[in-house]
Each structure stands twice: as C-alpha cells, then as structure tokens.
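Bear in mind that the values in this text are calculations on the coordinates, not laboratory data. Note that this is a predicted model, so its numbers are computed, not measured. Neighbour counts are summed over all protein chains in view; Cβ atoms, including those assigned to glycine, are modelled from backbone coordinates with ideal geometry.
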C-alpha cells in the first residue's frame with residue numbers, strides 16, 4: 001500500500017511540474033518565453049514586447065503594452081534586398097527611438113506559422129548586434145489568446161532609450177565563408193539547408209541556378225522543425241507555430257554542437273528560425289547566412305551548385321510562354 005502511494009505521489013508530482021521538466025530540455029530555455037512570463041513582465045520598464053506582424057494586424061488587436069515597428073519585423077529591420085543594414089547606426093537609432101536600450105529585455109512575437117520567421121529575424125539581428133536579452137514568445141499571439149489573455153487595440157509608444165551596437169561578427173556567415181566550405185577549404189562546419197526538399201533538389205527553382213551548396217551537412221525544412229498536429233478537416237498532420245524540444249532533437253540532435261553551425265535558405269529569413277533553434281539547443285557557434293541562395297544561385301559560374309540530377313536552371317522560356325498566354329486572356 002505504501003509503495004503504491006509513493007508511485008502515485010511521484011506521478012502526480014511529475015504532472016504538476018510538467019512545464020519545468022519540458023523547459024529543462026532546452027539548453028537555453030530563457031530564450032523562449034511563455035505567455036505567463038510576458039504577462040508578468042510586460043509592465044516593467046526594462047521589458048519591451050514587439051509585435052512582428054503587419055501594422056494593420058497590430059491595430060486590430062495586439063498584446064497589451066506591445067509596440068509595432070510600423071512594418072513586419074523582417075521588413076522593418078532589413079534593406080530592400082532583405083539583408084541586414086551594414087550601417088549599424090540605423091539599428092541604434094531605430095531601437096533607441098522605440099524604447100529599447102542595452103539593458104532591455106525584448107520579446108518578439110508573431111502571428112501564424114508563415115510569420116514565425118519575422119520574430120526570429122528580429123531575434124537574430126539583436127544577437128548579431130550583441131544584445132543578450134532577446135526572447136521569442138513560443139506560439140506567438142495565438143498562445144497569448146489560448147492562455148485566456150485579452151488583446152488591446154490602442155497603439156503603444158515607449159519613452160526613448162539608448163541602444164549601442166556591439167556587433168558579434170561570428171553570428172553572421174558571409175558568402176565568402178560558404179564558398180570556402182563548398183570548395184572543401186574550410187572543414188569542421190555544420191551547414192544546414194533550411195529550405196524545402198524540392199528547393200534543395202533544384203525542383204523548386206527560385207533563382208537562376210537551382211540546387212544546393214556542395215558539402216551541405218543536412219537539409220531540414222524549417223517547417224519540419226515545428227510541432228505538428230492533425231488537421232481536423234483533412235486528417236493530415238500540419239505544422240503549428242510552436243517549438244518543441246523533442247522535434248528539434250529529432251531534426252538536429254545528431255549534429256556536433258561544438259562545431260560552427262550555419263543555416264541558410266532562399267533569403268536568409270527561414271534560416272533565422274534555424275539559428276534560433278540552434279541557440280535553444282545549445283550549439284556553441286551558430287550563424288545565419290544572410291545572403292543565402294538568392295545571391296549564390298543568381299551568379300553564373302562563380303559559385304558551385306549541386307543537385308541529384310545535375311544543376312538546374314530557371315526556365316525563363318516557360319515563364320515567358322505562360323505570361324504571353326495570360327496577356328492574351330486579359
């Protein structure tokens with residue numbers, strides 16, 4: 001009887017501390033916050049919550065106290081080519097203006113699955129700038145709603161603070177570094193292709209040349225790093241904007257976490273999610289290749305390309321033919 005009571009007590013205890021056990025699986029659990037943590041800290045002067053969605057979505061309803069950068073984070077924090085600003089003083093001015101200082105905890109949140117990289121673009125840029133108090137809300141605004149918390153429509157403005165960048169160059173992977181990896185001149189690096197498998201194979205062509213970088217370590221689509229649930233309508237499994245340690249362990253668990261590990265995609269956007277996940281898992285030297293395939297695949301002969309059936313090329317003739325047909329219909 002006593003033995004049975006002990007077993008029941010242990011089981012109940014584990015159920016009660018479930019979230020703590022779950023969080024302990026992350027090497028850096030503080031990077032990924034819950035709605036409860038946001039609610040507890042949002043009114044503190046050293047905490048700022050950033051809504052990374054479009055402004056039109058922000059004004060329809062946002063987390064109370066959250067600010068907007070006026071655009072989606074991936075647009076507000078990068079240039080017209082979707083690359084980071086080389087002039088870091090632009091970041092200093094922007095963050096200072098919206099009330100983010102060097103001692104500020106910054107939480108970024110997103111909307112749907114497709115918006116998730118908006119928050120991780122912002123997270124990666126903050127860490128690239130040397131800020132060590134950046135976080136992402138797991139589950140985004142849906143997690144906030146599901147926790148039973150209200151939304152607010154009133155725009156929020158914070159008092160200005162002073163932000164000074166201290167760039168951590170290792171968090172930025174250059175195209176020159178990738179070329180050395182592709183040529184076999186730089187070894188001992190994990191290179192992760194975060195695009196879909198069709199992009200990796202060159203079947204989904206989004207540049208002049210299509211395929212993948214030689215010597216890539218692994219291809220794991222960013223969608224395959226999210227938790228999946230069964231769609232009630234189709235019965236198929238679909239990704240949700242929520243990160244689970246078991247899913248990431250399955251995706252990246254076999255990689256050496258002590259090696260430099262670089263993620264890339266088409267525009268360096270989806271791969272910021274990979275960067276964030278690597279940070280959660282405790283990889284020692286993670287980086288994002290900001291220029292990614294849109295630069296690599298748009299150069300003729302400068303950079304080597306691999307694909308199972310040989311390097312693929314964008315079919316301009318097919319596109320022109322389709323456009324002509326559409327023009328005739330119009």
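The mean sequence separation of alpha-carbon pairs under 8 Å and at least six residues apart, normalised by the residue count of the chain, gives a relative contact order of 18 percent. Once the Cα atoms are used to define both axes, helix 116-128 deviates from the longest principal axis of the chain by about 90 degrees. For the stretch 126-263, the percent of C-alpha pairs falling in each 10 Å distance bin, counted from 0 to the bin holding the largest distance, reads 9, 25, 33, 23, 10, 1. Entry for the stretch 27-167 at q = 0.09, 0.15, 0.19 Å⁻¹: log10 I(q)/I(0) = -0.23, -0.67, -1.13, Debye formula applied to identical alpha-carbon scatterers, no solvent contribution. Dividing the convex hull volume of the alpha-carbon atoms in the stretch 192-268 by its residue count gives 121 Å³ per residue. Averaging 1/r across all pairs of distinct Cα atoms in the chain and inverting the result yields a Kirkwood radius of 21.5 Å.
Could you work out the relative contact order of the stretch 170-318? I mean the mean sequence separation of Cα pairs under 8 Å and 6+ apart, divided by the number of residues, in percent.
Rounded, it is 33 percent for the stretch 170-318.
Each semi-axis of the equivalent ellipsoid for the stretch 92-197 is √(5λ) with λ an eigenvalue of the Cα gyration tensor; in descending order they amount to 32, 21, 10 Å. Relative to the longest principal axis of the Cα atoms of the chain, helix 2-16 runs at roughly 60 degrees. For the stretch 32-111, the fraction of alpha-carbon pairs lying more than 16 Å apart is 54 percent, rounded to a whole number.
Between the C-alpha center of the stretch 38-86 and that of the stretch 116-142 there is a gap of 10 Å.
Per-residue ellipticity at 222 nm, computed for the chain from helices alone with -39500 (n - 2.57) per DSSP H run of at least four residues, works out to -10000 deg cm²/dmol. Counting only alpha carbon atoms, the long axis of helix 316-329 and the longest principal axis of the chain meet at about 80°.
Taking the DSSP beta bridges in the stretch 27-167 as the whole, what percent of them are antiparallel, to the nearest 5?
Within the stretch 27-167, antiparallel bridges account for around 15 percent of the total.
Taking other Cβ atoms within 10 Å as a rough exposure proxy, 222, 169, 135, 299 sort from fewest to most as 169, 299, 135, 222.
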